[in-house]
Structures are given as structure tokens and as C-alpha cells.
1. Sort out which residues of the range C:107-148 are more than 22 Å from residue C:231 (Cα to Cα) and surrounded by 19 or more Cβ atoms within 10 Å (Cβ to Cβ), and write them in order of number.
2. Working carefully through the options B:61, B:106, B:100, find the one that is within 24 Å of residue C:236 (Cβ to Cβ) and within 14 Å of chain A (Cβ to nearest Cβ).
3. Tell me which residues, restricted to the range B:15-29, are facing another protein chain (nearest Cβ under 9 Å) and either over 21 Å from residue B:311 (Cβ atoms) or buried (at least 21 other Cβ atoms within 10 Å of the Cβ) (or both).
4. In this structure, does residue C:69 turn out to be outside any helix (DSSP H, G or I), outside the structural domain of residue C:268 (by TED's automatic domain parsing) and among the aliphatic types (A, V, I, L, M)?
5. Could you tell me whether the range C:227-239 includes any residue that is of a type outside the set (Lys, Arg), within 12 Å of another protein chain (Cβ to nearest Cβ), without any contact (Cβ under 8 Å) to a residue 24 or more places away in the chain and under 30 Å from residue C:336 (Cα atoms)?
6. Being in a helix (DSSP H, G or I) and over 18 Å from residue B:98 (Cβ atoms) narrows it down to one of B:162, B:131, so name that one.
7. Condition first: at pLDDT 70 or above and part of a loop (DSSP other than H, G, I, E, B). Now tell me which residues in the range A:69-80 satisfy that.
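The values are calculated or read from the model by the stated rules, or taken from the named source; none is laboratory data. In this text the structure is predicted, and so the values were computed from the model without any measurement. Every residue, glycine among them, receives a Cβ derived from its backbone with ideal geometry; neighbour counts consider all protein chains shown.
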Amino acid sequence: MVWAPIRSSRGLPRWLLGAGCTITLLFVVLAVFAPLIAPYDFDTFSADGQRFAQQAPPSAEHWFGTTVQALDVFSRVVFGARTALEVVVLSVAVSLLVGVPLGLVSGYFGRWLDRLLVLITDTVFSFPPLLLAIVLSFLLSGLLGGGVAPAALAITVVYVPQYFRVVRNTTFSAKEASYVEAARAIGAGPLTVITRYLFSNVVQSVPVIATLNAADAILTLAGLGFLGYGIQPTEAAEWGYDIQRAIADAGAGIWWTGLFPGLAIVLLVTGLTLVGEGLNETLNPTLRRRRLLPVTLPTRDTDAGGSR
Amino acid sequence: MTDEAVLRVRDLRVWYGTERGPVRAVDGVDLALVPGETLGVVGESGCGKSTLGRGLLGLLPEGAKAGGEVRFRGTDLFELSGRALRELRGPELGMIFQDPLTRLNPLWRVSEHFEELLRTHCPDISAEQIRHRSLATLRRMGIPPTRYRNYPHEFSGGMRQRIMIALGLVLNPAVLVADEPTTSLDVLVEAQIIRLLADLRRNFDTALLLITHNLGIVAEACDRVAVMYAGHVVETGDAREVFAAPAHPYTRELLRSTISLSTTGLHYIPGAPPDLVDPPPACRFHPRCPDAMQVCATRDPVTVSPRPGHRVACWLHGPAEQVGAGGDAPLVREEIDVADEA
Amino acid sequence: MSRTAGTLRRYVLQRLALVVPMVFILLTFVFLLVRVAPGDPVSAALGGRLPPEALAQRRAAAGYDRPLIVQYLEYLGNVLRGDLGRTISDNRAVSDVLVENGGATLTLAGAALVVALLAGIPLGLYSGRHRDSFGDVGVRLFGIVSYAAPVFFTGLILQLVFAVWLDLFPTSGQASPITQVRVDEITHILLLDALLAGNVDAVLDVVHHLVLPAITLGLLCVGVFLRLVRVNLIQSLQGDYVEAARARGIPERYVVRRHAFRNALVPVVTVMGLQTALLLSGAILTEATFNWPGLGSELVDYLNNRDYVAVQGIITVFAVVVVVVSLLIDIVNALIDPRVRY
């Protein structure tokens with residue numbers, strides 16, 4: 001269902017999709033095998049009883065240099081991938097679990113429930129997303145501590161309205177489709193109609209939003225970390241927090257503490273965006289351009305009206 | 001052949017490249033238009049009518065290639081520079097499109113469309129002259145001067161098509177191509193628009209190429225008719241004569257498929273128009289033709305002229321010596337055609 | 001003309017009627033968001049710093065010992081009267097905070113929008129005009145990467161290159177201390193105050209400080225405009241009225257400029273409105289990166305001080321700004337595009 005159009009896609013969209021997948025996979029590998037890839041732990045500042053140099057530029061021992069706390073930047077970047085992935089997977093999964101059923105129910109049953117939910121999600125939607133995440137993670141960290149879970153949950157609330165909207169609108173229009181009417185006419189109950197007929201229809205649009213939201217979630221997480229509200233530095237390595245520390249270094253011309261975590265964010269977000277857009281272009285035929293190939297008119301044997 | 005023709009098309013081909021191969025939308029068309037005459041081009045959807053119409057103005061969609069020649073007053077349009085060709089469009093060659101609702105710039109007043117057009121082609125024209133000429137043409141199309149400064153969305157579909165026709169005629173072009181100008185309009189409005197177009201040949205010396213799938217319109221408004229099938233013109237001639245005595249089986253079947261007051265059952269031509277990437281060999285109509293002969297499936301038909309001014313490309317009309325021995329035996333067909341259709 | 005004005009007025013009233021419930025829900029949402037936190041604002045901000053009796057006294061004085069519903073109604077009433085309360089940590093009127101720091105955020109957001117439009121529109125037009133060329137691919141990648149780069153990272157890189165290495169721009173603050181002292185605060189928008197004072201040096205100083213933050217925040221939104229303009233231009237160029245203009249012999253450069261560009265730019269206004277939320281989010285981060293004395297910086301400070309009254313006030317204003325801007329944008333849109341009103 002999903003793979004056929006991808007295989008048949010060609011040219012630029014396919015190339016971008018491929019590049020996006022490669023980048024994303026690279027980060028997944030980094031995240032999963034972080035302890036094997038990174039030379040040190042994210043909070044290691046010494047090895048063999050010897051303290052690392054502070055703010056040392058990139059060298060053979062420390063590829064990306066060290067921070068003011070004498071932490072190895074390379075290791076922090078690698079472990080940062082793990083944190084980012086954990087938060088993104090968690091927040092995308094939870095917002096899917098909440099947003100998709102809500103959207104299905106709201107779109108299917110309609111009436112006051114639908115209106116109420118639409119009003120609420122529209123309100124949340126019009127809220128500056130980072131602001132919402134800041135306040136929520138601030139409140140949640142008071143309850144749950146400074147780990148991955150509160151950050152992921154704060155981000156979840158930001159994205160639920162998006163899934164809700166898309167799923168609700170698709171359900172709303174799909175429910176009027178003749179095959180759903182027919183199913184209802186032969187006595188299928190709401191649960192059957194929703195799970196059998198509507199869900200499969202709605203699920204098509206989910207991969208695209210999910211990848212694009214994942215990209216956005218990484219930016220939100222980094223924003224939280226940058227402001228000091230995300231994951232606490234003692235819990236895990238986080239790129240946004242590292243960049244915040246690096247701002248102070250910048251004045252002294254120390255570039256390596258901020259550049260590498262920043263590049264990691266840019267690369268991963270670009271990768272995920274390319275995947276999302278590539279999927280969108282291949283799954284959504286209306287965006288695809290009919291490929292035009294050069295034509296050559298065979299020349300006529302007759303002399304009249306030579307071909308060009 | 002007479003030289004009075006204002007537009008003469010010889011062996012015009014317009015092909016588009018696709019992943020499956022070239023689409024032969026127009027494949028070897030010959031036509032001539034004399035001043036003041038109306039030529040109807042009829043055929044089913046997808047037979048290349050619209051591509052032909054655009055090709056006459058040198059307007060080709062992206063990726064299309066054209067061959068052959070389109071001579072306007074003796075000059076081959078395809079040999080003109082882009083600029084020279086563009087300068088012909090408007091003052092000499094005009095076009096009216098199918099869907100008038102989307103053909104006017106939604107952000108522009110009607111007046112602005114006329115101002116742009118007239119300033120482009122008559123650089124020295126004064127504002128007063130622009131207004132005068134536009135209002136005069138609009139009035140002839142039944143648009144009152146009070147609406148001159150309105151926006152397109154303030155007009156109905158029929159009125160927008162009148163505005164489009166006024167835009168097409170304000171420069172008094174020698175040739176006007178109208179591509180299904182009434183298809184998206186309701187029947188009453190359609191009749192009005194057709195009457196307007198039919199009046200053209202009396203009031204202007206404009207030659208009109210009227211593309212339509214509606215044979216009634218051709219009968220009502222056209223002097224001559226060209227019947228297209230799968231990128232070819234299969235029959236041309238005087239509209240009345242062709243309709244009274246169609247020479248090509250396709251024309252005959254097409255006429256039988258139209259609904260009239262005396263219609264008792266619906267007649268239709270079995271099968272669908274052929275795929276223009278891989279059209280049937282020889283006569284392209286032979287898989288659907290009730291009169292198909294052996295020769296029809298093996299050799300391209302030759303265009304013959306059974307009466308003066310009437311041309312048809314069908315083996316039924318010979319030339320007999322080329323049909324060959326046994327070539328006129330009925331074509332035996334497998335029943336696949338029917339299965340395909342279902 | 002009076003007809004147009006009438007429909008416009010009706011449209012504005014309809015749109016206003018929608019804003020009222022929206023604002024009401026937003027206020028409720030903000031109240032819940034801030035007050036679901038365990039404990040009350042006074043104990044959150046001052047807990048541990050004051051003896052329990054003094055704390056209870058302050059709590060009672062501020063009314064936090066009453067039921068939540070009473071506090072909620074009081075909050076609604078106060079907001080409607082424009083009273084956002086006093087901060088707990090430094091006892092300022094929240095409205096003063098908004099006035100004193102809002103100007104800096106407004107300047108930053110406005111300048112960023114200018115940067116985003118100045119870069120996004122030409123790039124989008126170029127990209128759409130030369131679809132699938134190398135330039136187009138480059139511009140599209142730039143759009144993706146500029147959005148993928150977190151604001152604070154863009155800011156960091158710009159600081160490193162243009163402030164530290166090239167020493168062209170300052171890295172923090174809205175102006176040098178001298179300017180801050182010399183310019184009288186009239187509007188609390190420093191740039192405007194400097195202009196009003198006629199102090200050229202001060203204006204230049206403010207602009208000098210504004211360049212890097214504005215580019216940083218502008219780059220966040222540039223991709224949105226770039227894509228929008230590109231896609232719209234591609235659609236416009238394939239539009240029916242563009243083909244019709246070509247068929248009238250309008251030169252290609254005018255077809256592109258007058259018909260396609262203009263129509264491609266109409267939705268930019270709408271999207272500008274939708275960017276308010278993104279712009280404010282980005283402003284919080286940009287202000288933190290460049291030590292910009294705006295509402296974002298204040299919000300972060302007050303959050304760290306657990307001053308919920310201040311936080312509640314600032315968030316309320318942010319949310320209302322988003323709603324009001326989208327209302328204004330819709331009205332502007334109705335003025336630009338004649339179709340919207342109907």
C-alpha cells in the first residue's frame with residue numbers, strides 16, 4: 001500500500017527521500033549503539049585518573065574537543081542522539097495514541113463532542129507551541145523530575161491537536177463515502193466501522209505528519225533544553241542544553257562546543273523533513289508532476305512538411 | 001487547392017513524451033480555413049481536438065513537440081521567432097477556452113484585462129480609445145458598460161464566456177479558435193453563445209475553428225466540419241453534406257449516437273477511443289468499426305475525395321486498386337473487444 | 001463602492017464574533033495551565049524564603065485562599081478590565097512589564113518578518129519560475145535547512161562569524177548603554193524613540209544591534225514563505241488565466257510578472273498571520289540567545305523565579321496577540337482579494 005508508489009517514484013523526490021532515510025538511519029544507529037560508538041560516557045570528564053583538558057579544541061583524543069566542564073563533545077553528541085530519539089519516539093507514539101482515536105471518534109460521532117474537541121484543539125493549536133511546551137515541561141518536571149518522560153509528555157500535548165485535526169477531517173469526509181454508508185446499511189456498528197473502514201483510510205496520512213512532527217519535536221526539545229527546562233544535564237546528554245552552554249564560549253571564539261551539537265540537530269531535522277516530504281510527494285499523487293520526456297518525431301518519408 | 005485560405009495546416013503532428021512513450025495527440029492533420037468560415041472539429045474526448053486547437057496558435061504544452069506546418073497567410077508559424085508568433089496571438093489569432101470561470105485573472109477588473117491586451121498590441125492607443133473599443137465589443141456581446149469595472153467573480157459563467165469572446169474579438173483577429181466554448185455552460189446560455197459565434201462570420205471576417213463534441217452545435221453553427229479520431233482527421237466536408245451522407249463509418253456511428261427527438265434507443269460505439277501511446281495499426285478505427293475489412297487492419301487508409309470539397313480517409317471509398325485482392329473481405333475479430341469494454 | 005464597503009463591514013463583524021469565544025477559551029486555558037501547578041503562586045515564588053505565618057498572610061492578601069472558581073472569575077474580570085495583576089517576585093504591575101519589554105519583542109518580530117519576506121519571496125519566485133533546475137533544488141534545500149536549524153544555533157553561528165571573528169556586530173542587548181540613557185522613553189519601542197528623538201547615532205546603534213537577532217529569527221520563517229511562494233507560483237503558472245493571457249499574446253515576462261507573481265503572493269498575507277505563533281516561539285529563543293530585553297527574556301526569568309502571576313500575564317498576552325493578529329490578517333486579506341468578502 002505504501003511501498004508501491006515509493007518504488008515507482010523517480011528523480012528528485014526519490015533522491016531526497018533516499019538522502020533523508022540515510023541520515024535518519026545514521027542517527028538511529030548512533031542512538032542505539034551510543035555506548036559502543038562514543039569513546040566516553042556523556043558525563044565523563046576524566047579517563048585513567050586523568051582529568052580532560054577544559055575547552056580543548058578538536059584533537060585526536062577528543063575529535064570534537066571538550067567543554068568547559070571537560071566533557072568530550074563527541075560523546076555528548078552521540079548520546080544526544082539517544083536522548084533525542086527516546087523523546088521523539090515517546091512523544092510521537094503518545095500523541096498518535098491520543099490524537100488518532102480522538103480524531104476518529106470526533107469525526108465519526110460529530111455533534112457537540114466534535115464541536116467541543118475542535119474548539120479545544122483549535123485553541124491549543126493557536127498557542128505558540130514552544131510557549132506551551134515550556135510551561136508544561138516546567139510544571140511536569142515538578143511532578144516527574146527532569147528526565148525524558150516529562151519532556152516527551154510536554155511535547156506530546158503540542159502535537160496532539162495536529163493529529164486530531166487531520167484524522168478528524170479525513171474521518172469526517174470518509175464517513176460520507178459510499179462504502180462506509182453501505183457498511184452501516186448492512187448493520188455494522190460504530191466500532192466496526194471505525195476500526196475496519198475508517199482507520200485504514202485515515203492511517204494513510206499519518207506517516208507524513210508523524211515524520212514531520214518528529215522533526216519538529218526535536219527542535220522543540222532542543223528549545224526546551226536551551227532554555228533549561230528540558231532534560232536535566234545530570235540525566236542525559238541533550239543538544240539544546242549543550243548549545244546553551246556554548247553561547248558563553250562563543251565570545252571567546254570557542255566554536256566546537258556549539259557547532260557539533262547544532263550540526264547534529266540540523267542534520268537530523270533535515271533528514272526527517274526530507275523523509276516526510278519525500279513520503280508526501282510520493283504518496284500524494286496530486287503533488288507529483290507528470291514526468292515529461294523528450295519526444296522526437298520520426299521524420300516523414302514524404303517531402304511535404306518536413307519534421308522538426 | 002485554393003490560396004484564399006487564411007490558415008492552412010499540413011501534416012501537423014503534436015506529440016507529448018511520457019514514461020510510457022510518446023502520446024500522439026495530433027498525428028498528421030491537414031486542414032484549411034478561409035476567411036469568414038466556421039469549421040467545426042468534432043470527435044470523442046481525448047482524440048486530440050484541444051491539442052490541435054492550441055497547436056494552431058503555436059501554443060504547445062510543456063514537453064510537447066510539433067511537426068508539420070501551420071501556415072498563416074503563407075507564413076509557417078513554427079518557423080517564426082517566439083516574439084513574432086506571440087505578436088500574432090491576439091491581433092491575428094485568438095482563442096476561447098472551455099471553462100470561462102477560471103480564464104480571467106481573479107484579482108483583475110474586466111477593464112484591466114482589456115487595457116493590458118490593447119496596450120500590448122497597440123502601443124500608441126489612448127486610454128479613451130481603449131475604453132471605447134472595449135465597451136463597443138462588450139456591448140456586442142451583451143455586457144452592459146456599467147459592468148466594465150467589475151471583478152470576474154461578479155459575473156455568471158455565461159457572462160464570463162461573453163467577456164472572453166469579447167477579449168478574443170476586440171482586436172478583430174483573422175482566426176479564432178474556440179475550444180468547447182459552451183461545454184461548462186447550461187443549455188440556454190449555450191444557445192446564446194453559439195448564436196454569438198455564428199454571427200461572427202456575418203459581422204466580422206473572422207474564420208472560426210469551433211472545437212466541440214456536440215454535433216448539434218456543428219449542425220447549427222458551422223459551414224464545414226472535420227471529424228477527428230485518435231489524432232487523425234478522418235473526414236472533412238460541408239457540414240450539411242457530411243451530416244446528410246457521412247462517408248466514414250466513424251462519422252456515421254457518431255451521428256447515430258446523438259440523441260434527438262426521434263431517438264428510441266441509445267446507440268453507442270462499442271469500445272473506447274484508443275490509447276494514443278500505442279494506437280492500433282493501420283486504420284485506427286478498425287477495432288471498433290462495424291464495416292472493418294481485412295485491409296483496414298494492415299494498411300493506413302488513403303485520403304480520397306468522393307465529392308468536391310469532401311475528403312475521407314477510409315478504405316470503403318477506395319482506391320479500389322490499393323485495397324488489393326481479398327482486402328475487402330470482412331475483418332474477423334476475436335471477442336476480446338467486448339471483454340475489454342467490460 | 002458602498003456595496004463593497006457594506007460586505008466588508010459585515011465580514012469584519014462576523015469575524016469578530018468568532019474571536020470572542022476563542023479569547024474566552026484561551027483565557028480559561030491559560031488559567032488552568034498555570035493554576036494546575038500544585039500550590040498557589042505566592043508559596044511557589046516565596047516558599048522557603050518567608051516564615052509560614054508571613055506566607056499565609058501574603059496568600060490571604062492576594063486572595064489565593066479562596067476557591068479556584070472564584071479566583072478564575074476574578075481573573076477573567078480583571079483581564080477584561082486590562083488588569084493583569086502585580087508580579088510576586090519584584091512587585092511590578094504586569095501591564096508595566098508588557099509595556100516596557102513588549103517594544104523590544106515587537107521590534108525583533110517585525111524586523112524578522114521583514115527579513116523573512118525580503119529573502120523568502122524572491123527566492124520562492126525564482127525557485128518556482130525555474131522549477132527543478134539546480135537553483136530550485138538549492139533554494140528548496142536552503143528552505144529546509146533554515147527551518148531545521150534551531151534559532152539559537154543560527155544565532156550562535158552568526159555571533160561566532162559576524163561578531164567574534166569579523167567583529168562587525170554586537171552579540172547582546174538592544175542598544176549600547178549610552179543610547180539607552182540618551183534616548184527618552186516615549187513609546188517604549190527603542191527604535192521608534194530614537195527616531196522621534198531625531199538622534200541619528202542612536203538609530204544607527206539600535207539598527208546595528210538589531211541586525212543579527214533579526215536575521216536569526218527571520219531565517220526561521222524564511223522557509224515557510226519560500227515554499228509557499230514557490231508552490232503558488234507553480235500553480236499560478238499552470239493556471240487557466242495564465243494560459244489565456246498567453247493565448248492573447250501577452251509577453252511571457254508580463255504573464256509571469258503581472259498574472260502569476262501577483263496571484264502567487266496573495267496567500268503570503270494569510271500565512272504571515274499563521275506565522276505569529278512560530279515567530280513568538282522563536283522570539284523567546286532569540287531573545288535568550290542575544291540577551292534581548294523582550295517579553296521572552298522576562299518570561300524565562302519569571303518562570304525561573306516561579307512567579308506565576310507574571311507568567312500568567314505574559315502568556316495571556318502572547319495568546320491574545322496570536323488571535324488578534326489572525327483577525328487583522330483576515331481583514332487585510334478581505335481588502336486585497338475581492339473574492340474573500342463574498
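1. The initial filter retains those residues of the range C:107-148 that are more than 22 Å from residue C:231 (Cα to Cα), namely C:107-112.
Within the range C:107-148, C:107, C:108, C:109, C:111, C:112 meet the criteria.
2. Details: B:106 fails: within 14 Å of chain A (Cβ to nearest Cβ); B:100 fails: within 14 Å of chain A (Cβ to nearest Cβ).
None of the other options fit; the residue is B:61.
3. Filtering the range B:15-29 for residues facing another protein chain (nearest Cβ under 9 Å) gives B:15-19, B:21-23, B:28.
Passing the criteria: B:15, B:16, B:17, B:18, B:19, B:21, B:22, B:23.
4. Working: outside any helix (DSSP H, G or I): no; outside the structural domain of residue C:268 (by TED's automatic domain parsing): yes; among the aliphatic types (A, V, I, L, M): yes.
Here the answer is no, as residue C:69 does not meet what is asked.
5. Going through the range C:227-239, the residues of a type outside the set (Lys, Arg) turn out to be C:228-229, C:231-239.
Right, trim to within 12 Å of another protein chain (Cβ to nearest Cβ) and you get C:231, C:234-239.
From the residues that got through so far, the ones that are without any contact (Cβ under 8 Å) to a residue 24 or more places away in the chain too are C:238.
Narrowing further to those that are under 30 Å from residue C:336 (Cα atoms): C:238.
Yes, that holds for at least one residue.
6. Numbers: B:162 fails: over 18 Å from residue B:98 (Cβ atoms).
Unique residue meeting the criteria: B:131.
7. Of the residues in the range A:69-80, the ones at pLDDT 70 or above are A:69, A:71-80.
Passing the criteria: A:69, A:71.
Rundown of residues vs (1) assigned to a strand (DSSP E or B); (2) crowded, with 17+ Cβ neighbours inside 10 Å, yes/no style:
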| site | (1), (2) |
| --- | --- |
| B:41 | yes, yes |
| B:45 | no, no |
| B:59 | no, yes |
| B:70 | yes, yes |
